[in-house]
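**Student:** One structure is given below, represented as C-alpha coordinates, and several questions about it will come after.
The values are calculated or read from the model by the stated rules, or taken from the named source; none is laboratory data. Model, not experiment: these values are computed from the prediction. Ideal geometry is used to build each Cβ from the backbone, glycine not excepted, and the neighbour counts take in all protein chains shown.
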Amino acid sequence: MEDQKTYVNEPLRINVKEKADSISIEWTGKSVDRNPGKFITPILVNALSKTSHNNKRIVLDFQKLGYMNSSTITPIVKILDRAKRGSTRVTALYDKSLRWQDLAFSALEIFQTVDKRVEIRGM
Amino acid sequence: MESSMTLILKPDWEELERVRDKGTEFFRCQGLESEKADALVMVISELAENSIKYGHFTPAGKRVVIDTHVDGRNVTVEVRNPVDEEAYHHLRRLDRMIQWIRGYQDSFEAYVERLKEVSKKPLTDNESGLGLARVAYEAKAILDFYVDDDATLNVSAVANF
(Lines give C-alpha, C1' and ligand atoms only; values in the text may rest on other atoms or scores of the structure.)
Protein backbone atom coordinates (compact mmCIF):
# COMPACT_ATOMS: atom_id res chain seq x y z
CA MET A 1 0.00 0.00 0.00
CA GLU A 2 1.24 3.47 -0.87
CA ASP A 3 0.78 6.49 1.31
CA GLN A 4 0.80 9.67 -0.77
CA LYS A 5 0.64 13.37 0.01
CA THR A 6 1.17 16.46 -2.13
CA TYR A 7 2.50 19.71 -0.68
CA VAL A 8 1.95 22.87 -2.69
CA ASN A 9 3.67 26.23 -2.49
CA GLU A 10 2.96 27.60 -5.98
CA PRO A 11 4.65 27.28 -8.37
CA LEU A 12 6.35 24.37 -6.55
CA ARG A 13 4.69 21.04 -5.81
CA ILE A 14 6.27 18.27 -3.80
CA ASN A 15 4.67 14.86 -3.98
CA VAL A 16 5.67 12.45 -1.20
CA LYS A 17 4.94 8.76 -1.76
CA GLU A 18 5.72 6.26 0.94
CA LYS A 19 6.32 2.80 -0.52
CA ALA A 20 7.34 -0.52 1.00
CA ASP A 21 11.06 0.14 0.66
CA SER A 22 11.37 3.86 -0.01
CA ILE A 23 9.99 7.34 0.42
CA SER A 24 9.80 9.06 -2.95
CA ILE A 25 9.83 12.86 -2.94
CA GLU A 26 9.04 14.18 -6.41
CA TRP A 27 9.52 17.86 -7.24
CA THR A 28 7.58 19.57 -10.03
CA GLY A 29 7.20 23.18 -11.16
CA LYS A 30 9.62 25.89 -10.03
CA SER A 31 11.16 26.66 -6.67
CA VAL A 32 11.49 30.46 -6.56
CA ASP A 33 10.32 31.43 -3.09
CA ARG A 34 12.22 34.08 -1.14
CA ASN A 35 12.67 31.60 1.69
CA PRO A 36 12.03 28.14 0.23
CA GLY A 37 13.49 26.40 3.29
CA LYS A 38 10.36 27.24 5.28
CA PHE A 39 8.33 25.02 2.97
CA ILE A 40 10.93 22.43 1.97
CA THR A 41 12.83 21.73 5.20
CA PRO A 42 9.91 20.31 7.23
CA ILE A 43 9.06 17.90 4.40
CA LEU A 44 12.64 16.66 4.17
CA VAL A 45 13.14 16.49 7.93
CA ASN A 46 9.94 14.48 8.26
CA ALA A 47 11.20 11.99 5.67
CA LEU A 48 14.58 11.74 7.45
CA SER A 49 12.82 11.15 10.73
CA LYS A 50 10.61 8.38 9.29
CA THR A 51 13.48 6.53 7.66
CA SER A 52 15.53 6.55 10.84
CA HIS A 53 13.15 3.87 12.15
CA ASN A 54 12.53 1.76 9.05
CA ASN A 55 15.71 2.02 6.94
CA LYS A 56 13.75 3.04 3.84
CA ARG A 57 15.63 4.89 1.11
CA ILE A 58 14.66 8.51 0.48
CA VAL A 59 14.46 9.22 -3.25
CA LEU A 60 14.61 12.91 -4.10
CA ASP A 61 13.40 13.12 -7.69
CA PHE A 62 14.18 16.49 -9.29
CA GLN A 63 13.75 15.41 -12.92
CA LYS A 64 10.53 17.38 -13.43
CA LEU A 65 11.75 20.51 -11.68
CA GLY A 66 11.78 23.43 -14.13
CA TYR A 67 13.91 25.90 -12.19
CA MET A 68 15.22 26.53 -8.70
CA ASN A 69 16.89 29.53 -7.14
CA SER A 70 20.04 29.17 -5.09
CA SER A 71 18.05 29.50 -1.86
CA THR A 72 16.42 26.17 -2.75
CA ILE A 73 19.78 24.43 -2.93
CA THR A 74 20.50 25.33 0.71
CA PRO A 75 17.93 23.08 2.44
CA ILE A 76 18.72 20.27 0.00
CA VAL A 77 22.45 20.26 0.76
CA LYS A 78 21.79 20.53 4.50
CA ILE A 79 19.74 17.34 4.32
CA LEU A 80 22.32 15.58 2.13
CA ASP A 81 25.06 16.52 4.57
CA ARG A 82 23.08 15.19 7.53
CA ALA A 83 22.31 12.00 5.64
CA LYS A 84 25.98 11.56 4.76
CA ARG A 85 27.01 11.94 8.40
CA GLY A 86 24.22 9.64 9.59
CA SER A 87 22.93 6.30 8.37
CA THR A 88 20.04 7.35 6.12
CA ARG A 89 20.00 6.09 2.54
CA VAL A 90 19.29 8.86 0.03
CA THR A 91 19.22 8.98 -3.76
CA ALA A 92 18.88 12.27 -5.64
CA LEU A 93 17.74 11.88 -9.25
CA TYR A 94 18.11 14.59 -11.86
CA ASP A 95 17.73 14.90 -15.63
CA LYS A 96 21.25 15.12 -17.00
CA SER A 97 19.95 16.01 -20.48
CA LEU A 98 18.93 19.38 -19.01
CA ARG A 99 22.09 21.45 -18.82
CA TRP A 100 20.95 23.50 -15.80
CA GLN A 101 20.06 20.36 -13.84
CA ASP A 102 23.33 18.70 -14.81
CA LEU A 103 25.34 21.70 -13.57
CA ALA A 104 23.31 22.21 -10.40
CA PHE A 105 22.96 18.61 -9.27
CA SER A 106 26.23 17.04 -10.41
CA ALA A 107 27.97 19.48 -8.04
CA LEU A 108 26.12 17.75 -5.20
CA GLU A 109 28.18 14.62 -5.78
CA ILE A 110 30.44 15.90 -3.00
CA PHE A 111 27.79 14.53 -0.63
CA GLN A 112 27.86 11.08 -2.22
CA THR A 113 29.25 8.24 -0.11
CA VAL A 114 31.61 5.59 -1.50
CA ASP A 115 29.07 2.83 -0.85
CA LYS A 116 26.33 4.88 -2.61
CA ARG A 117 24.29 5.02 0.58
CA VAL A 118 23.98 8.65 -0.42
CA GLU A 119 23.87 8.81 -4.18
CA ILE A 120 23.47 11.60 -6.75
CA ARG A 121 22.36 10.12 -10.04
CA GLY A 122 21.82 11.78 -13.44
CA MET A 123 19.18 9.97 -15.50
CA MET B 1 25.96 42.27 -33.40
CA GLU B 2 25.06 44.18 -30.25
CA SER B 3 21.76 44.15 -28.46
CA SER B 4 20.48 45.39 -25.11
CA MET B 5 17.52 45.00 -22.81
CA THR B 6 16.61 47.15 -19.82
CA LEU B 7 14.10 46.00 -17.24
CA ILE B 8 12.83 48.24 -14.46
CA LEU B 9 11.03 46.52 -11.64
CA LYS B 10 9.40 47.23 -8.33
CA PRO B 11 11.27 45.67 -5.40
CA ASP B 12 8.63 42.94 -5.15
CA TRP B 13 9.45 39.25 -5.21
CA GLU B 14 6.53 38.65 -7.59
CA GLU B 15 8.31 40.73 -10.24
CA LEU B 16 11.00 38.07 -10.62
CA GLU B 17 8.87 35.73 -12.70
CA ARG B 18 8.35 38.51 -15.25
CA VAL B 19 12.10 39.14 -15.22
CA ARG B 20 12.84 35.48 -15.95
CA ASP B 21 10.25 35.41 -18.75
CA LYS B 22 11.60 38.60 -20.36
CA GLY B 23 15.17 37.35 -20.01
CA THR B 24 14.33 34.04 -21.66
CA GLU B 25 12.58 35.83 -24.53
CA PHE B 26 15.48 38.26 -24.99
CA PHE B 27 18.21 35.62 -25.07
CA ARG B 28 16.24 33.40 -27.43
CA CYS B 29 15.79 36.39 -29.76
CA GLN B 30 19.60 36.76 -29.74
CA GLY B 31 19.82 33.21 -31.04
CA LEU B 32 21.44 31.81 -27.90
CA GLU B 33 21.06 28.09 -27.34
CA SER B 34 18.52 27.31 -24.65
CA GLU B 35 21.13 25.97 -22.21
CA LYS B 36 23.08 29.24 -22.42
CA ALA B 37 19.89 31.26 -22.17
CA ASP B 38 18.91 29.28 -19.06
CA ALA B 39 22.27 30.03 -17.41
CA LEU B 40 21.97 33.74 -18.18
CA VAL B 41 18.39 33.92 -16.94
CA MET B 42 19.63 32.34 -13.71
CA VAL B 43 22.26 35.11 -13.50
CA ILE B 44 19.66 37.84 -13.91
CA SER B 45 17.34 36.16 -11.43
CA GLU B 46 19.98 35.62 -8.72
CA LEU B 47 21.31 39.19 -8.97
CA ALA B 48 17.79 40.61 -8.97
CA GLU B 49 16.89 38.52 -5.90
CA ASN B 50 19.89 39.97 -4.05
CA SER B 51 18.92 43.44 -5.18
CA ILE B 52 15.39 43.10 -3.80
CA LYS B 53 16.65 41.52 -0.57
CA TYR B 54 19.36 44.05 0.25
CA GLY B 55 18.37 47.27 -1.54
CA HIS B 56 16.95 50.35 0.16
CA PHE B 57 13.69 51.29 -1.51
CA THR B 58 12.24 54.02 0.65
CA PRO B 59 10.76 56.45 -0.09
CA ALA B 60 8.46 54.37 -2.24
CA GLY B 61 8.97 54.56 -5.96
CA LYS B 62 12.60 53.48 -6.07
CA ARG B 63 13.28 50.62 -8.45
CA VAL B 64 15.66 47.83 -9.42
CA VAL B 65 17.17 48.37 -12.87
CA ILE B 66 18.54 45.45 -14.89
CA ASP B 67 20.62 46.11 -17.99
CA THR B 68 21.56 43.19 -20.19
CA HIS B 69 23.94 43.64 -23.07
CA VAL B 70 24.93 41.07 -25.67
CA ASP B 71 27.99 41.82 -27.77
CA GLY B 72 29.05 38.91 -29.89
CA ARG B 73 30.04 36.18 -27.44
CA ASN B 74 30.05 38.47 -24.41
CA VAL B 75 27.00 38.96 -22.24
CA THR B 76 26.95 41.57 -19.48
CA VAL B 77 24.24 41.72 -16.85
CA GLU B 78 24.18 44.79 -14.59
CA VAL B 79 21.72 45.09 -11.74
CA ARG B 80 21.34 48.41 -9.92
CA ASN B 81 19.52 49.33 -6.74
CA PRO B 82 19.64 52.17 -4.23
CA VAL B 83 21.46 51.55 -0.94
CA ASP B 84 21.73 53.46 2.31
CA GLU B 85 24.29 53.49 5.12
CA GLU B 86 22.72 50.39 6.66
CA ALA B 87 23.67 48.45 3.53
CA TYR B 88 27.40 48.73 4.24
CA HIS B 89 27.38 45.50 6.20
CA HIS B 90 25.96 43.81 3.11
CA LEU B 91 28.46 45.60 0.86
CA ARG B 92 31.37 44.34 2.94
CA ARG B 93 30.01 40.81 2.66
CA LEU B 94 29.51 41.27 -1.07
CA ASP B 95 33.09 42.49 -1.45
CA ARG B 96 34.47 39.59 0.59
CA MET B 97 32.44 37.05 -1.37
CA ILE B 98 33.46 38.37 -4.79
CA GLN B 99 37.13 38.52 -3.78
CA TRP B 100 36.87 35.03 -2.30
CA ILE B 101 35.37 33.62 -5.54
CA ARG B 102 38.09 35.34 -7.57
CA GLY B 103 40.68 33.65 -5.42
CA TYR B 104 39.80 30.34 -7.09
CA GLN B 105 41.12 29.56 -10.55
CA ASP B 106 38.17 27.29 -11.12
CA SER B 107 34.79 28.68 -10.06
CA PHE B 108 33.53 25.11 -9.59
CA GLU B 109 35.90 24.72 -6.65
CA ALA B 110 34.58 27.90 -5.08
CA TYR B 111 31.01 26.71 -5.51
CA VAL B 112 31.77 23.31 -3.98
CA GLU B 113 33.51 24.93 -1.00
CA ARG B 114 30.50 27.17 -0.51
CA LEU B 115 28.15 24.16 -0.71
CA LYS B 116 30.16 22.44 2.03
CA GLU B 117 30.02 25.53 4.26
CA VAL B 118 26.31 26.09 3.77
CA SER B 119 25.46 22.41 4.32
CA LYS B 120 26.90 22.55 7.85
CA LYS B 121 24.69 25.44 8.96
CA PRO B 122 21.64 24.83 11.16
CA LEU B 123 18.47 23.78 9.37
CA THR B 124 16.75 26.86 10.76
CA ASP B 125 19.34 29.24 9.28
CA ASN B 126 17.70 30.82 6.24
CA GLU B 127 20.82 32.48 4.91
CA SER B 128 21.83 30.98 1.55
CA GLY B 129 24.92 32.81 0.33
CA LEU B 130 25.17 30.48 -2.65
CA GLY B 131 23.85 32.83 -5.34
CA LEU B 132 27.06 34.59 -6.38
CA ALA B 133 29.12 31.39 -6.31
CA ARG B 134 26.45 29.73 -8.44
CA VAL B 135 26.52 32.62 -10.93
CA ALA B 136 30.31 32.33 -11.21
CA TYR B 137 30.19 28.55 -11.60
CA GLU B 138 27.13 27.83 -13.75
CA ALA B 139 27.45 30.81 -16.10
CA LYS B 140 31.26 31.05 -15.86
CA ALA B 141 30.68 34.73 -15.13
CA ILE B 142 33.09 37.28 -13.71
CA LEU B 143 31.48 39.31 -10.94
CA ASP B 144 32.14 42.89 -9.92
CA PHE B 145 30.41 45.75 -8.11
CA TYR B 146 30.69 49.41 -7.26
CA VAL B 147 28.63 52.06 -5.49
CA ASP B 148 28.26 55.31 -7.40
CA ASP B 149 27.93 58.88 -6.06
CA ASP B 150 24.15 58.58 -5.97
CA ALA B 151 24.34 55.67 -3.51
CA THR B 152 23.36 53.18 -6.18
CA LEU B 153 24.86 49.71 -6.00
CA ASN B 154 25.79 48.26 -9.37
CA VAL B 155 26.52 44.52 -9.46
CA SER B 156 27.69 43.10 -12.76
CA ALA B 157 28.29 39.66 -14.19
CA VAL B 158 30.15 39.21 -17.46
CA ALA B 159 29.90 35.87 -19.20
CA ASN B 160 31.76 34.84 -22.30
CA PHE B 161 30.16 32.16 -24.41
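**Student:** Can you find, within segment B:106-141, the residue that is surrounded by the fewest Cβ atoms within 10 Å (Cβ to Cβ) among those that are modelled with pLDDT under 95 and of a type in the set (S, T, N, Q)?
**Tutor:** So, considering only residues that are modelled with pLDDT under 95 and of a type in the set (S, T, N, Q), the one surrounded by the fewest Cβ atoms within 10 Å (Cβ to Cβ) is B:Thr124.
**Student:** Can I ask one more? Given (1) at pLDDT 95 or above; (2) more than 13 Å from B:Glu46 (Cβ to Cβ); (3) more than 14 Å from every other protein chain (Cβ to nearest Cβ), where does B:Val155 come up short, assuming only one miss?
**Tutor:** All conditions are met except number (2).
**Student:** Oh, and also: Provide a single number: the residues in segment A:46-65 that are assigned to a helix (DSSP H, G or I) and within 11 Å of the chain's Cα centre (by Cα).
**Tutor:** 2
**Student:** Here is a follow-up. Tell me which residues, restricted to segment A:5-24, are crowded, with 19+ Cβ neighbours inside 10 Å and touching a Phe, Trp or Tyr at 6+ places or on another chain (Cβ under 8 Å).
**Tutor:** A:Leu12, A:Ile14, A:Val16 - these are the residues of segment A:5-24 that are crowded, with 19+ Cβ neighbours inside 10 Å and touching a Phe, Trp or Tyr at 6+ places or on another chain (Cβ under 8 Å).
**Student:** Hey, does segment A:25-32 have a residue that's crowded, with 18+ Cβ neighbours inside 10 Å, within 10 Å of another protein chain (Cβ to nearest Cβ), touching a helix residue (DSSP H, G or I) at 6+ places or on another chain (Cβ under 6 Å) and within 24 Å of B:Glu35 (Cβ to Cβ)?
**Tutor:** No, the conditions are met nowhere in segment A:25-32.
**Student:** Applying the selection to segment B:38-92, what residues are of a type in the set (S, T, N, Q), surrounded by fewer than 20 Cβ atoms within 10 Å (Cβ to Cβ) and closer than 22 Å to B:Asp148 by Cβ?
**Tutor:** Matches in segment B:38-92: B:Thr58, B:Thr76.
**Student:** Suppose the filter is of a type in the set (A, V, I, L, M, F, W, C) and under 16 Å from the mean Cα position of the chain (by Cα); does B:Ala151 pass it?
**Tutor:** So B:Ala151 fails the test.
**Student:** Is segment A:66-85 home to any residue that is buried (at least 16 other Cβ atoms within 10 Å of the Cβ), part of a strand (DSSP E or B) and either more than 14 Å from every other protein chain (Cβ to nearest Cβ) or modelled with pLDDT under 95 (or both)?
**Tutor:** Scanning segment A:66-85 turns up no residue that is buried (at least 16 other Cβ atoms within 10 Å of the Cβ), part of a strand (DSSP E or B) and either more than 14 Å from every other protein chain (Cβ to nearest Cβ) or modelled with pLDDT under 95 (or both).
**Student:** Quick one: how many residues across segment A:47-75 are out of contact with any Gly (no Cβ under 9 Å at 6 or more places or on another chain) and not hydrophobic (A, V, I, L, M, F, W, C)?
**Tutor:** So the count comes out to 10.
**Student:** Also: Does A:Ala92 qualify as being within 15 Å of the chain's Cα centre (by Cα), more than 10 Å from every other protein chain (Cβ to nearest Cβ) and of a type in the set (A, V, I, L, M)?
**Tutor:** yes
**Student:** Return the pair list, or none, for Cβ contacts closer than 7 Å from residues in segment B:103-127 that are farther than 29 Å from A:Pro42 by Cα to residues that are β-branched (Val, Ile, Thr) and assigned to a helix (DSSP H, G or I), at least 6 apart or on different chains.
**Tutor:** B:Ser107/B:Ile101
**Student:** List pairs: first in segment A:38-50 and in contact (Cβ under 8 Å) with a residue 40 or more places away in the chain, second surrounded by 17 or more Cβ atoms within 10 Å (Cβ to Cβ), Cβ under 6 Å, 6+ apart or cross-chain?
**Tutor:** Final answer for the pair search is A:Leu48/A:Thr88.
**Student:** Hey, any hits in segment A:23-37 for a residue that's at pLDDT below 95 and among the basic types (Lys, Arg)?
**Tutor:** no
**Student:** Which of the residues that make up segment B:148-161 are crowded, with 17+ Cβ neighbours inside 10 Å and among the aliphatic types (A, V, I, L, M)?
**Tutor:** B:Leu153, B:Val155, B:Ala157, B:Val158, B:Ala159
**Student:** Take segment B:106-137 and flag every residue that is assigned to a loop (DSSP other than H, G, I, E, B) and among the hydroxyl-bearing types (Ser, Thr, Tyr).
**Tutor:** B:Thr124, B:Ser128
**Student:** For the list (1) more than 13 Å from every other protein chain (Cβ to nearest Cβ); (2) touching a Lys or Arg at 6+ places or on another chain (Cβ under 6 Å); (3) within 27 Å of B:Ile52 (Cβ to Cβ); (4) not hydroxyl-bearing (Ser, Thr, Tyr), I need the number of the one condition that A:Arg117 fails.
**Tutor:** (3)
**Student:** Kindly establish whether B:Lys22 is basic (Lys, Arg) and either over 16 Å from the mean Cα position of the chain (by Cα) or more than 24 Å from A:Glu10 (Cα to Cα) (or both).
**Tutor:** no
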